[in-house]
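Read through the structure below, which is laid out as structure tokens, and then see the notes.
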Amino acid sequence: MDVQYFFELFLSGLTRGSIYALIAIGYTMVYGIIELINFAHGEIYMIGAFTGLIVAGILGTMGFPLPAILVLAVLVSMIYCAGYGYTIEKIAYKPLRQAGRLSPLISAIGMSLFLQNYVILVQTSDFVPFPSLIPEFAFLEPIAHIFASSDFLIVVVSAVLMAGLTLFIKYTKMGKAMRATAQNRKMAMLLGIDADRVISVTFIIGSALAAVGGVLIASHVGMVNFAIGFLAGIKAFTAAVLGGIGSLPGAMLGGLFLGLSESFGAGYISSDYEDVFAFSLLVIFLIFRPSGIMGKAKVEKV
Amino acid sequence: MVAREFFKSLGVSLWFMVLTFPLVAVRVNTIENTIQWRWANLAIVGVGAFVLSAVWRWALVRRETMLANAASGAGERSVRVWDSPVVTRTLGAALLVVFMGIPWLVSTYQTNILISFFLYVMLGIGLNIVVGVAGLLFLGYAAFYAIGAYAYALLNHYFGWGFWTVLPMGGVLAAVAGVLLAFPVLRLRGDYLAIVTLGFGEIVRLVLENWSDLTGGPSGISNIDRPGFFGQEMTVAGTNIYIYYIVFVAVLVTFVVAERLKDSRVGRALQALREDEIACEAMGIDRVGVKLMAFGLGTAWAGFAGVIFAAKTTFINPASFTFFESAIILSIVVLGGMGSNWGVILGAAFLVLLPEYMRAFSEYRMILFAAAMVLMMVFRPQGMIPARSKQYRIVDRELELSGE
């Protein structure tokens, strides 16, 4: 077995996995709190990439240096996506809080289609080139052919964000309120937690993280298109399910697991069936272990 | 009061202008390093958001009062036009006559549009059995459409089998695939089921796309035979009319079967399952068997429709069976009214016929339907023509007799 090839696949899987994990966090947090698969989450990621593109384009013509453009593009796109996430929740999910399971799900699919077509309408339906914003790091020179600086940055940024989020959930008051709401919303409300606010914050955080993923991956790949959110969304959801939906460390683990298995699957078996691989994993997991790697089996009480 | 509403709408309008600013007002070209500012768009968003937010809040208030009325029993449900069998039967008969005659009066192009309308009605009714009647959200329906279409295309391409031989097989194949998919996923709850079916749909499409040796890959299969009519040679226009009648009859059969199914033993079991699974099991309904039946009954129609589709277009490729297709079929069902077959017809008319005849709006077609899906869920989750459950009136014979 070729060791270098193995490492190459491993590292590319790591990059993919980190992005999946970043997006998966949004799914898993929302699911943990309101038990809804937020289909529009993939679209938030796509909108993040587009916003990043626009910011980078404006700053680029103004002659900003590359690192500044990257940082500003990520930050602005995080803010905007947070706004989108917040607004989407208010329009499509909040009025349906009392309305069974099927209605919010269909509303979410509608929202996802809406956002895709919104981007087609106001931007374009073609692939748009995305400038390479990530600078080349000198210390990565010797291994640049298997682990480029964009890969490095994606992995590092994701790791930092996820660590930050874990600390936030664990130690801040808001984090505590989120955990309480996820456990039992009614009880949390009785104890004076503003559940609507918690839900809004959940959407905001999840969307901002998806935006980071969107900008970084768009810069890494060099292309954006209105449809990128769909595949990324399903894969991130797969990651969330693999890890155990509702569980934060589960989403991270699931993301890495999915990224690595996709990379190895494509490298050693067949790259044609790369996506089939992810979907099959999803189906197999949902059938045999719907609670995921980290999740606990839920007993439904009557 | 009015002033407060005004400022609220103003606030929403400002919020949307800020929120949509980068995407709506700017377009960059990173290759030539140019930026295009489109301030006019922003003004449209501002005015639109202002009006819509006012309407939105008015509608929410109205929804609340209606919910409150319904809860307190006030505002008794009035008799609707749709409730009377005389109206529905007359309407049905009129539609029947109109659709029987239409292909002789209009051009081939128009007939083609109607054929695709009927195909969507068929798909909608089939999906309605799974989504509307049984309440199982199913997002990979296009996969079964693909199974039907590819069954005919492949069998015709490799073995030269005819349309009429493959038509029943397509339905059976799709039904078998539906049951096979249903077996493992039956334990799953609603939203997981949605995702598994979505994943399955994508798997089918990706396999069709990548298994080039068999399916021709992304370029698909062409030169599929049109349906034969006792070995007669027919002109293109003639075949078109012939296919029109085939699909028309198929829709009729689908419609009648689906309508009859709803009030049948299985249909009632499905509706009961939709409402409460646990209570159902306690009443002795075989949950697994009934759900399998729902999947099989629902997907079979997609198979039939797929065979007809392949015969109509004589060329198919995987691009016709994307998630987008499943989403359109789902929105037909949702907008029309889940569980209501008349609703599906109306929904298909909205989604297929309307965009054809209003070309000016074709750009906005999908965004409007997507918005309609969200709005429908918020304000009228039962759809345009709500499904009605069968009502039984118990007449006390003795009381009636003695009361004379």
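Just so you know, all these numbers are worked out from the coordinates, no wet-lab data involved. Since the structure is predicted, the reported quantities are computational estimates derived from the model, not experimental observations. A quick note on method: Cβ atoms are made from the backbone with ideal geometry, for glycine too, and the neighbour counts reach across all protein chains shown.
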Worksheet entry | Overall form of the stretch A:1-128 per C-alpha gyration tensor (a/c, 1.5; a/b vs b/c) | oblate
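Arrange the peptides B:238-246, B:209-217 so that the one whose residues have, on average, the most other Cβ atoms within 10 Å appears first.
Values: B:238-246: 18.1, B:209-217: 15.9.
Final packing ranking: B:238-246, B:209-217.
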Item to complete: With viscosity set to 0.890 mPa s and temperature to 25 °C, compute the Stokes-Einstein D of the stretch A:91-152, Rh being the Kirkwood radius across alpha carbon pairs; µm²/s, no decimals.
Response: 156
Fill in: Chain lengthening between B:Ala59 and B:Tyr392 when straightened (0.36 nm per residue, less Cα-Cα)
116.5 nm
Worksheet entry | Table column - 3J(HN,Hα) (Hz), the stretch A:233-246, Karplus curve with 6.51, -1.76, 1.60, x for Gly and Pro | x, 5, 5, 5, 4, 3, 4, 4, 5, 4, x, x, 5, x
Item to complete: Would you mind counting up the charge near A:Ala108? Only other residues with Cβ under 13 Å from its Cβ, with Lys and Arg at +1 and Asp and Glu at -1.
Response: -2
Worksheet entry | Neighbouring partner chain Cβ atoms per residue of A:267-278, average, 10 Å criterion | 3
Item to complete: Find out how many positive minus negative residues lie around A:Leu258, taking Lys and Arg as positive, Asp and Glu as negative, among other residues whose Cβ is under 11 Å from that of A:Leu258.
Response: +1
Worksheet item: Under 17 Å from a point 7 Å along the Cα-to-Cβ line of B:Leu180: which residues of the stretch B:295-312 have their amide N that close?
Response: B:295-304
Practice prompt. Could you check the simple spin-label distance between B:Val249 and B:Asn33, using points 7 Å along Cα→Cβ, in nm with one decimal?
Written response: 6.9
Worksheet item: Given the C-alpha centroids of the stretch A:108-156 and the stretch A:38-80, what is the distance between them in whole angstrom?
Response: 10
Response to the item:
For B:Met384, other-chain or 5+-apart residues with amide H closer than 5 Å (H placed, Pro excluded) are B:Gly336, B:Gly337
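According to the Kirkwood expression over distinct Cα-Cα pairs, how big is the hydrodynamic radius of chain A, in Å?
On the way: mean 1/r = 0.0508 Å⁻¹.
Hydrodynamic radius (Kirkwood, Cα pairs) of chain A is 19.7 Å.
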Worksheet item: At a Förster distance of 60 Å, what's the computed FRET efficiency of A:Ile284 paired with B:Ala3, Cβ-Cβ distance as r, to 0.05?
Response: 0.55
Worksheet item: What number, in nm² with one decimal, is the all-direction average of the projected area of the convex hull of the alpha-carbon atoms of the stretch B:85-379?
Response: 16.4
Practice prompt. Treat the count of other C-beta atoms within 10 Å as a stand-in for reagent exposure and order A:Met178, B:Met1 from fewest to most.
Written response: B:Met1, A:Met178
Worksheet item: So, by mean Cβ neighbours within 10 angstrom, what's the order for A:110-122, B:259-271 with the highest one leading?
Response: A:110-122, B:259-271
Practice prompt. Partner chain Cβ atoms within 10 Å, averaged over the residues of A:152-165 - can you pull that number for me?
Written response: 0
Worksheet item: Amide H neighbours of B:Trp161 under 5 Å, counting only residues 5+ apart in sequence or on other chains, H built in-plane at 1.01 Å?
Response: B:Asn156
Fill in: For the stretch B:199-277, the Rg and Dmax computed from alpha carbons only, in angstrom
19.9, 55
Fill in: 10 Å Cβ neighbours from other chains, averaged over peptide A:90-98
3
Fill in: Dipole moment magnitude, nearest 20 debye, the stretch B:2-72 about Cα centre, only Lys, Arg, Asp, Glu C-beta charged
160
Worksheet entry | Amide H within-cut-off set for A:Met223, under 5 Å, with H built and near neighbours excluded | A:Phe130
Worksheet entry | Kirkwood Rh and Cα Rg combined as Rg over Rh, evaluated for the protein assembly as shown | 0.98
Practice prompt. Give the whole-number value, in cubic angstrom per residue, of the convex hull volume spanned by the C-alpha atoms of the stretch B:283-399.
Written response: 207
Worksheet item: Using a ≥ b ≥ c from the Cα gyration tensor of the stretch A:103-236 (square roots of the eigenvalues), is it rounded, prolate or oblate, where a/c under 1.5 gives rounded and otherwise the larger of a/b and b/c decides, a/b for prolate?
Response: oblate
Fill in: Å³ per residue enclosed by the Cα convex hull of the stretch B:2-72
91
Worksheet item: Each residue of the stretch B:100-111 in turn: what ³J(HN,Hα) in whole Hz from Karplus with 6.51, -1.76, 1.60 and θ = phi - 60°, glycine and Pro shown as x?
Response: 5, x, 3, x, 7, 9, 10, 6, 4, 4, 5, 4
Fill in: Highest-fluctuation residue, B:Gly92, B:Gly303, B:Gly135 considered, GNM on chain B with Cα pairs under 10 Å
B:Gly92
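Set the bar at 19 Å for Cα to Cα. Now go through A:Lys235/B:Lys291; A:Lys94/A:Lys186; A:Lys90/B:Lys8 and name every pair that lies beyond it.
A:Lys235/B:Lys291
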Fill in: Least to most buried among B:Lys8, A:Lys170 (fewest other Cβ within 10 Å first)
A:Lys170, B:Lys8
Fill in: Cα gyration tensor shape of the stretch B:230-330, rounded if a/c is under 1.5, else prolate or oblate by comparing a/b with b/c
prolate
Fill in: Karplus 3J(HN,Hα) series, Hz, for the stretch A:177-187 with 6.51 cos²θ - 1.76 cosθ + 1.60 (x for Gly, Pro)
4, 5, 5, 5, 5, 5, 5, 7, 5, 4, 4
Worksheet item: Which value in nm describes the separation of the simple spin-label points at B:Val98 and B:Tyr158, placed 7 Å from the Cα toward the beta carbon?
Response: 4.5
Worksheet item: If you count, for each residue, the other Cβ atoms within 10 Å and average over each peptide, how do B:365-371, B:321-327 line up from highest to lowest?
Response: B:321-327, B:365-371
